[in-house]
Structure formats: structure tokens, C-alpha cells
Amino acid sequence: QKEVEQNSGPLSVPEGAIASLNCTYSDRGSQSFFWYRQYSGKSPELIMSIYSNGDKEDGRFTAQLNKASQYVSLLIRDSQPSDSATYLCAVYGGSNYKLTFGKGTLLTVNP
Amino acid sequence: DAGITQSPRHKVTETGTPVTLRCHQTENHRYMYWYRQDPGHGLRLIHYSYGVKDTDKGEVSDGYSVSRSKTEDFLLTLESATSSQTSVYFCAISEGGRGSYEQYFGPGTRLTVT
């Protein structure tokens, strides 16, 4: 059973701070990793993909991957109230293009 | 929403009635998926398709069937709806092919079974 674990939160940070979201996965053979943002009542939106160890930056977002520790994280710099959402971690384990999703971390950015 | 539409967007139905949800894409992507999302469970895969007439079960397929007669359409049918199938249903698509594992989601259908 492939598992993806996230802290459910809520994670609360002040505006302008760095928000750090974490995800661990059980399948050591996992190949690709994704972060989705989901606003309340809306569908998940892909915001970051990462395939190799290290950091990947896109604007205020940085995804970090450590395959040895089976750990992936998302950093949001200069957090804004508009970043308040649930963030879903998803992992591709090499099987039929199926993703396994974590249950998500609720982030609240306080003005 | 990456050229994905779902219909209906909201539906209320009675226990025991059949229900069909439709997902339509304009991206010509090979893979299509149906998920349900419930509090405390996150996103769970119901069925997926890897081509026209090619489908397979996900982790919560009991009580659901699917069909894909055209690349652009993927139908999810609840043969006899139960209250436990009250949920938000999302369709997703993926291009497939080497390295293309990203999935893009439709706007969702909120289904209530009374």
C-alpha cells in the first residue's frame, strides 16, 4: 500500500513569512512528485513538479526533494493571504500513470 | 481548468437511482481519471482510462462503472446511488508519455444522495 503522509494542519503563518509544507512517502521507487493547491470549494491546481533530488524554484515557491529520506517539501516565501489554501502532495510511483495523494495541509496566512 | 469540463456541476438524487457524471476534455490527452474527495480521506481514485475503451479500477471502484467511447469523454456511472456516495467528484487528465505524469483537474461535481 503506497502511502503519502502530510500534516493536516492547520499551519498558520503571518503575512510575509516563509511557509514550510512537508510530505513523506512510503514507496522508495517513486519517481515524480507534485504539489497541488486547492482553494476551498475549488479543484486542485498543479503548482510545482519535481523529479530529481535537490531544489526547484518557481517564483515564490521552492520544492525540495530528498529521495534517500523519502521526503518532499514546499516552501512559500513572502506568504500572502491569497496563499491560504490546502496544499496536496502527490507522488507517482511508476504504475499506469496513477498518482497517490496525501490528505493535504491547510495553510492559513494571517494579514 | 486546462480544457476540462464536468457536468452536471451539482446534483441531488435519491438513493437507488442511477446517476451518470460526464467529463469532457479538449486537450486530446490519453489518460483520464475519476476521483472522489471526502473530508478525512483526501482524493481517492475510482477508475481511470488509458485510452478509448481501455479502463481499469482504482482503490474505491465498488458501486461505480465507467465508459470511454471517445478520447474526449469519460463517463462515471453510479448504478444505484447510496448515501455513502455523497461526495465531490473530480475528473483529471494526463498527457501520458515519458515523463508526463502531471494531472490536471476539472472543476468538480458535487453530488448529494438523499
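Residue selection: B:Q37 satisfies the criterion of being under 24 Å from A:G104 (Cβ atoms), open to solvent by 10 Å² or more (accessible area, probe 1.4 Å) and in contact with a Phe, Trp or Tyr (Cβ under 9 Å, 6 or more places away or on another chain). Where strands (runs of 3 or more DSSP E) fall entirely within the range B:32-114, those with at least 1 residues that are of a type in the set (A, V, I, L, M) are at B:42-51, B:64-70, B:73-78, B:87-94, B:109-113.
Take the range A:23-35 and flag every residue that is closer than 14 Å to A:Y87 by Cβ and either open to solvent by 80 Å² or more (accessible area, probe 1.4 Å) or touching a residue at least 60 places away in the same chain (Cβ under 8 Å) (or both). Once the filter is applied, which keeps residues that are closer than 14 Å to A:Y87 by Cβ and either open to solvent by 80 Å² or more (accessible area, probe 1.4 Å) or touching a residue at least 60 places away in the same chain (Cβ under 8 Å) (or both), the range A:23-35 yields A:C23, A:F34.
For the range A:53-111, which fully contained strands (runs of 3 or more DSSP E) count at least 1 residues that are on the phi < 0 side of the Ramachandran plot and touching a Ser or Thr at 6+ places or on another chain (Cβ under 6 Å)? Hits in the range A:53-111: A:54-58, A:61-66, A:71-76, A:85-92, A:105-110.
For the residues B:A81, B:A92, the requirement of being open to solvent by less than 20 Å² (accessible area, probe 1.4 Å), modelled with pLDDT of 95 or more and over 13 Å from the mean Cα position of the chain (by Cα) singles out B:A81.
For the range B:65-74, filtering for residues that are touching a Gly at 6+ places or on another chain (Cβ under 9 Å) and open to solvent by less than 30 Å² (accessible area, probe 1.4 Å) leaves 1.
The set of residues in the range B:45-73 being aromatic (F, W, Y) and within 14 Å of chain A (Cβ to nearest Cβ) consists of B:Y48, B:Y50.
Would you say A:L107 is farther than 17 Å from B:R44 by Cα and buried (at least 21 other Cβ atoms within 10 Å of the Cβ)? Considered against the rule, which asks whether it is farther than 17 Å from B:R44 by Cα and buried (at least 21 other Cβ atoms within 10 Å of the Cβ), A:L107 comes out as yes. Would you pick out the residues in the range A:42-52 that are open to solvent by 20 Å² or more (accessible area, probe 1.4 Å), at pLDDT 95 or above and part of a loop (DSSP other than H, G, I, E, B)? Result: A:K42, single match. Within the range B:6-23, the presence of at least one residue that is in contact (Cβ under 8 Å) with a residue 24 or more places away in the chain, assigned to a strand (DSSP E or B), at the interface with another protein chain (Cβ under 10 Å from one of its Cβ atoms) and more than 14 Å from B:T86 (Cβ to Cβ) is confirmed.
The values are calculated or read from the model by the stated rules, or taken from the named source; none is laboratory data. From a predicted model like this one, the values you see are computed outputs, not experimental measurements. Virtual Cβ from ideal backbone geometry, glycine too; neighbours counted across all protein chains shown. To get the accessible areas, we keep the full protein, side chains included, count just its heavy atoms, and leave off ligands, DNA and RNA. Shrake-Rupley method; radii C 1.70, N 1.55, O 1.52, S 1.80 Å.
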